[in-house]
1. So the check is Cβ under 8 Å with 6+ separation or different chains; which pairs have a first residue in the range 296-324 that's surrounded by fewer than 16 Cβ atoms within 10 Å (Cβ to Cβ) and a second one that's of a type in the set (Asp, Glu) and in a helix (DSSP H, G or I)?
2. Give the number of residues within the range 145-175 that are buried (at least 17 other Cβ atoms within 10 Å of the Cβ) and in a loop (DSSP other than H, G, I, E, B).
3. Quickly run through the range 272-289 and pick out the residues that are at pLDDT below 95 and part of a loop (DSSP other than H, G, I, E, B).
4. Please verify whether Glu222 is at pLDDT 95 or above and closer than 30 Å to Ser320 by Cα, treating the condition exactly as stated.
5. Determine if the range 102-122 includes at least one residue that is over 30 Å from Ile159 (Cβ atoms) and touching a Leu at 6+ places or on another chain (Cβ under 8 Å).
6. Quick check on Gln282: is it exposed (fewer than 11 other Cβ atoms within 10 Å of the Cβ) and under 25 Å from Val109 (Cα atoms)?
7. Regarding Ser62, is this residue free of Cβ contacts under 8 Å to residues at least 24 places away in the same chain, under 26 Å from the mean Cα position of the chain (by Cα) and outside the structural domain of Asn289 (by TED's automatic domain parsing)?
8. Among the residues of the range 43-57, is any over 17 Å from the mean Cα position of the chain (by Cα) and not β-branched (Val, Ile, Thr)?
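The values are calculated or read from the model by the stated rules, or taken from the named source; none is laboratory data. None of the values given here were measured: they were computed from a predicted structure. Using ideal geometry, Cβ is built from the backbone for each residue, glycine included, and neighbour counts are taken over all protein chains shown.
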Amino acid sequence: MERYQQRGRPADIDTFVNYEKIQWSSTLKNHLRSGVGAEFDRAKIRTSLYRPFTRMSFYYDSVLNDRPGHFQQLIPNATTETENRVICVNQTAEKSFGCLVTNVIPNLVMCGGFGAATQCFPYYVYNGDGSKRRDNITDWALQQFRTQYLDELISKWDIFHYVYAVLHHPQYREKYAANLKRELPRMPFAPDFHEFVEAGARLAELHIGYEIQPEYPLQRVESKDEKLNWRVERMRLSKDRTQIVYNNFLTLGGIPLEVYEYCVGNRSALEWVIDQYRIINQERSGIINDPNRADDPEYIVHLIGKVIAVSLETVRTVKSLPSFSVNS
């Protein structure tokens, strides 16, 4: 901005700015024209859900983030991450339906691919500063459920978890596959409300807290010709998908094939981790994205075991859901 002002505020911003490391959106150009600056604030460093089961640091700033939508009302600060829950659905004709709950800001294309916009449904909404928390499920909706099931003890959290379970039900996804590609999900009334609530709460617990779940016991095959090494560059699955070649030193084996039944969009949860946890060298900007952690060298190994355990429990929970007619 200083350089822009020193040059006499040239009208042709497109030939003035450098596109190598910054994506100059129309909004950011307008900030430059108006003299709106940005100052670094460590408190604005947040955690985001970049892809399923892949969290990244994110700088949340009104100047540098282009068109952030309503997220100042959904998860405005780190404190609200501890109490709010957001159901994210992947709405696109190009990819399979995806659904994942989170307590952090998700990427616009959380399931990947252009046009695969993530639609978000929070339990709470807030003012932009995080004050005046309000339920996002209306009293009218609550009364509809209580009337349908003749149960005045049904809560709004029950409805939230019920919805999350229904969105995972194979019968629901199969019947409404075409609808889910072009419009937002609609909710039927299942006969066993409380079984869906229990399952939805369990799924939410697994999917939000995946990093604290017990690990699935994988076989660790270490190469005697290589030094101890936990560093990942790019993992790959074996042809039979029962092993992950972690690096030249380590292969992880004993992966149950049932793991691949749990998918978010077009990939299983495990395949999302394998795809995202790799070193990416962006030649244009020179930025290197390295998922390895100096403070926790075995983090990715442990994460794989946890995501496998979460996947297996998700499959078990979804299969335990009662059958129901989806004509309503």
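1. Final answer for the pair search is Pro322/Glu195.
2. Count: 2.
3. Hits for the range 272-289 are Gln282, Glu283, Arg284, Ser285, Gly286, Ile287.
4. Numbers: at pLDDT 95 or above: yes; closer than 30 Å to Ser320 by Cα: no.
No, not satisfied.
5. no
6. Yes, satisfied.
7. On the way: free of Cβ contacts under 8 Å to residues at least 24 places away in the same chain: yes; under 26 Å from the mean Cα position of the chain (by Cα): yes; outside the structural domain of Asn289 (by TED's automatic domain parsing): yes.
Yes.
8. Yes, because at least one residue in the range 43-57 is over 17 Å from the mean Cα position of the chain (by Cα) and not β-branched (Val, Ile, Thr).
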